[in-house]
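Here's the structure, in structure tokens; my notes come after.
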Amino acid sequence: TDGGFNCAESVLYGVAQALGLPVDDTVLRAATPFGGGIGRAGSVCGALSGGVIALGIAFGRTTPDVEQRKHAYGHAERLWRRFVERTGGEDCRQINSLGFDHPDHRASCSRFVALGAELAAEELLEG
């Protein structure tokens, strides 16, 4: 989040760069509204959403193949569970009590970005 990207963009971009996922401008733009817990609503943490988007790039499907869906869902569910276990929740307003306008909010979010990227990368590497 130091470079101006929000949490979702940061996790997606970082994981993609580290693991060579094909993330073009369109995919990165698609992650933008997930920041701030979906448009600053404080809902699902953008760091978690960015990780799930990265999993979708790697494991998502383009046909209605049930096995591909199950595989992708399994990775997403494990990422979600591990994130919640480590942070105590899934929502921005729950895990980071600082308001979006608080001067330390972005710094506080950086630990969630690091965790989201780490857990998503682990899922991707486990294939």
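The values are calculated or read from the model by the stated rules, or taken from the named source; none is laboratory data. Fair warning: this is a prediction, and the values are worked out from it, not measured in the lab. Glycine also receives a Cβ, built like all others from the backbone with ideal geometry; neighbour counts cover every protein chain displayed. Side chains are part of the model used for accessible areas, which takes the heavy atoms of the whole protein and leaves out ligands, DNA and RNA. Shrake-Rupley method; radii C 1.70, N 1.55, O 1.52, S 1.80 Å.
Filter the range 83-106 down to the residues that are without any contact (Cβ under 8 Å) to a residue 24 or more places away in the chain and aromatic (Phe, Trp, Tyr) and list them by number.
Across the range 83-106, there are no qualifying residues.
Quick one: which residue in 10, 108 is open to solvent by less than 60 Å² (accessible area, probe 1.4 Å), more than 19 Å from residue 126 (Cα to Cα), at pLDDT below 95 and assigned to a helix (DSSP H, G or I)?
108
Any residue in the range 63-71 that is surrounded by 12 or more Cβ atoms within 10 Å (Cβ to Cβ), polar (S, T, N, Q) and under 17 Å from the mean Cα position of the chain (by Cα)?
There is no residue in the range 63-71 that is surrounded by 12 or more Cβ atoms within 10 Å (Cβ to Cβ), polar (S, T, N, Q) and under 17 Å from the mean Cα position of the chain (by Cα).
Going residue by residue through the range 75-86, is there one that turns out to be over 11 Å from the mean Cα position of the chain (by Cα), open to solvent by 30 Å² or more (accessible area, probe 1.4 Å) and closer than 13 Å to residue 113 by Cα?
Yes, the range 75-86 contains at least one residue that is over 11 Å from the mean Cα position of the chain (by Cα), open to solvent by 30 Å² or more (accessible area, probe 1.4 Å) and closer than 13 Å to residue 113 by Cα.
What pairs can you find where one residue is in the range 11-29 and closer than 15 Å to residue 48 by Cα, the other is open to solvent by less than 60 Å² (accessible area, probe 1.4 Å) and not in a helix (DSSP H, G or I), and their Cβ atoms are less than 9 Å apart, with a gap of 6+ or different chains?
Going by the 9 Å Cβ cut-off, the qualifying pairs are 12/21; 12/23; 13/23; 15/21; 15/23; 16/23.
Within the range 87-105, can you find the residues that are open to solvent by 90 Å² or more (accessible area, probe 1.4 Å) and in a helix (DSSP H, G or I)?
93, 94
Taking the range 56-71 as the region of interest, how many residues are in a helix (DSSP H, G or I) and under 17 Å from residue 22 (Cα atoms)?
Selection size over the range 56-71: 4.
So, in the range 13-55, exactly how many residues are outside any helix (DSSP H, G or I), on the phi < 0 side of the Ramachandran plot and not polar (S, T, N, Q)?
Step one: filter the range 13-55 for residues outside any helix (DSSP H, G or I), giving 20-24, 39-45.
Applying the additional criterion that residues be on the phi < 0 side of the Ramachandran plot yields 21-24, 41, 43-45.
With the extra rule that they be not polar (S, T, N, Q), the set shrinks to 21-24, 41, 44-45.
Number of matching residues: 7.
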